């Protein structure tokens, strides 16, 4: 067996961390804006992401400690971490939030970025899952695409 392996369960843990950060971002947005439409939108997005955390946690709990073969030591971990350790996620802290999210349009754009990121992350992860888990990940991808479409339509109202 090759020395260069990465545990799929650890990747799922990274995905759960991303889902939590998106959930927290949407929660902050919902509290920031006085506009009822924006509050409702981002509260709904927060709740959807919370459901994703639960679904992803269930997947994590049922995944065996399978491994991914790499072409060089650290390849897969570095790639998946690059997807997780994005500047956008580092800006979710309360301190940075007000600096970067000043109006509904900027909040929507951030949300769209998070949804695209989730689709990319899940798309990479799915190749390393068993068929039954692939179905669950595909469901999450479909949901993230719906969120992206929803935000894109709303974005047009603010441009």
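We did not get these values from a lab; they are worked out from the coordinates using the rules stated. Predicted model only: the values in this text are computed from it and were never measured. With ideal geometry, Cβ positions are generated from the backbone for all residues, glycine too; neighbour counts draw on all protein chains shown.
Residue separation of residue 158 and residue 47 scaled by 0.36 nm, minus their Cα-Cα distance, works out to 37.7 nm of gained length. Highest-first packing order for the peptide set 137-145, 107-115 is 107-115, 137-145, based on the mean count of other beta carbon atoms within 10 Å.
Nearest 0.05, what FRET efficiency do residue 40 and residue 20 give at R0 = 22 Å with Cβ-Cβ as r?
Values: r = 22 Å, r/R0 = 0.98.
The pair residue 40/residue 20 has a calculated efficiency of 0.55.
Averaging Cα coordinates gives a centre for segment 18-44 and one for segment 117-146; these two points are 23 Å apart.
Work out how much length residue 120 to residue 106 would gain on full extension: take 0.36 nm times their residue separation and subtract the Cα-Cα distance, in nm to one decimal. Don't skip to the answer; put the middle values down first.
Details: separation 14, 0.36 × 14 = 5.04 nm, distance 2.12 nm.
The span from residue 120 to residue 106 would gain 2.9 nm if fully extended.
Fully extending the segment from residue 9 to residue 130, taken as 0.36 nm per residue of separation minus the present Cα-Cα distance, adds 42.3 nm.
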